[in-house]
């Protein structure tokens with residue numbers, strides 16, 4: 001009886017599960033019949049998880065993925081036995097110092113410890129336990145600048161423009177090296193720039209930030225106006241995560257997927273125009289800015305994730321602009337300028 005119940009309710013562990021993606025993903029997986037354990041150090045608080053707190057299939061571990069005791073707790077829960085209610089089929093590794101500004105703020109050593117060494121620790125725990133798959137959240141920042149103006153694919157050369165991208169590339173390289181011999185199948189998702197509302201919404205992301213500033217300041221100051229980026233809604237990212245859990249291991253083992261939509265490739269000028277269509281009376285000012293940071297100017301191909309996993313995002317950037325506008329204008333999200341709504345104390349566009 002216990003075996004039957006367990007087989008019907010697969011267990012997933014999410015690191016960084018109180019964050020922008022993880023807090024929404026937790027709800028989606030619970031609604032799909034998964035049991036979910038979240039590991040998070042609650043740097044930005046844990047209110048995003050309160051809606052799941054009493055759910056019988058939700059568990060929470062407070063801890064830092066770079067802390068030995070936290071990894072011991074997670075590792076122990078992973079190793080208690082194949083049919084134990086505490087074993088996991090998958091780890092979704094979201095915990096990281098996310099983004100160029102946040103990595104710049106904490107410095108190279110701390111960024112490397114969390115984003116590279118923390119990933120190695122979690123993958124080792126997954127491998128030691130016999131966990132079937134390890135889904136790693138990476139970024140299209142790894143591509144940097146497009147050299148020929150063509151959309152970059154998973155095979156394109158990487159040109160990191162920031163500490164953040166450097167750490168993600170190093171972590172990718174490590175887990176890809178394990179793919180051929182490890183029992184645990186690594187899967188790498190390179191996310192486009194996220195937007196939209198989640199239980200822990202961020203406002204240091206271009207679309208969300210522009211809508212917030214349009215409403216609160218009635219003014220947008222735009223740098224790198226012609227630069228192209230790719231965008232995807234946070235809810236669609238969660239759907240892509242579900243596909244990574246459901247795909248056959250032979251299909252996804254050691255594979256890299258750009259996650260987004262060809263329809264989500266926009267320049268900053270185009271994002272500004274979408275915001276102006278849905279927030280009246282804003283002034284736009286353009287400025288030149290050159291700095292040694294994240295100077296991405298790329299369009300991304302998402303053919304592979306569509307053809308291999310059948311992933312097609314459902315929420316457009318325009319829909320996201322309206323969604324964020326309404327959440328702010330109606331007071332559903334308050335104090336959005338507070339630092340807890342971003343991953344660093346400052347924003348660089």
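The values are calculated or read from the model by the stated rules, or taken from the named source; none is laboratory data. Predicted model only: the values in this text are computed from it and were never measured. Note: ideal-geometry Cβ built from the backbone for every residue, glycine included; neighbour counts use all protein chains shown.
Worth pointing out:
- Subset of the stretch 181-201 (residues that are closer than 30 Å to residue 128 by Cα and in a loop (DSSP other than H, G, I, E, B)): 181, 182, 183, 184
- Consider the stretch 207-227 and keep the residues that are more than 21 Å from the chain's Cα centre (by Cα) and in a helix (DSSP H, G or I). The one that is nearest to residue 103 (Cα to Cα) is 213.
- Which numbered condition residue 204 fails, given (1) in a loop (DSSP other than H, G, I, E, B); (2) more than 25 Å from residue 168 (Cα to Cα): (2)
- Qualifying residue in the stretch 181-201 (condition: out of contact with any helix residue (DSSP H, G or I) (no Cβ under 7 Å at 6 or more places or on another chain) and either assigned by TED's automatic domain parsing to the domain that holds residue 249 or buried (at least 22 other Cβ atoms within 10 Å of the Cβ) (or both)): yes
- Scoring residue 161 on the criteria (1) under 21 Å from the mean Cα position of the chain (by Cα); (2) in a loop (DSSP other than H, G, I, E, B); (3) modelled with pLDDT of 90 or more leaves a single failure, condition (3).
- Of all residues in the stretch 7-31, those satisfying the criterion of being farther than 20 Å from residue 125 by Cβ and modelled with pLDDT under 95 are 7, 8, 9.
- Candidates 272, 308 - the one that is in contact (Cβ under 8 Å) with a residue 40 or more places away in the chain and over 26 Å from residue 179 (Cα atoms): 272
- Helices (runs of 4 or more DSSP H) lying entirely in the stretch 84-145 (those with 1 or more residues that are in the same structural domain as residue 242 (by TED's automatic domain parsing), in contact with a strand residue (DSSP E or B) (Cβ under 7 Å, 6 or more places away or on another chain) and surrounded by fewer than 24 Cβ atoms within 10 Å (Cβ to Cβ)): 118-129
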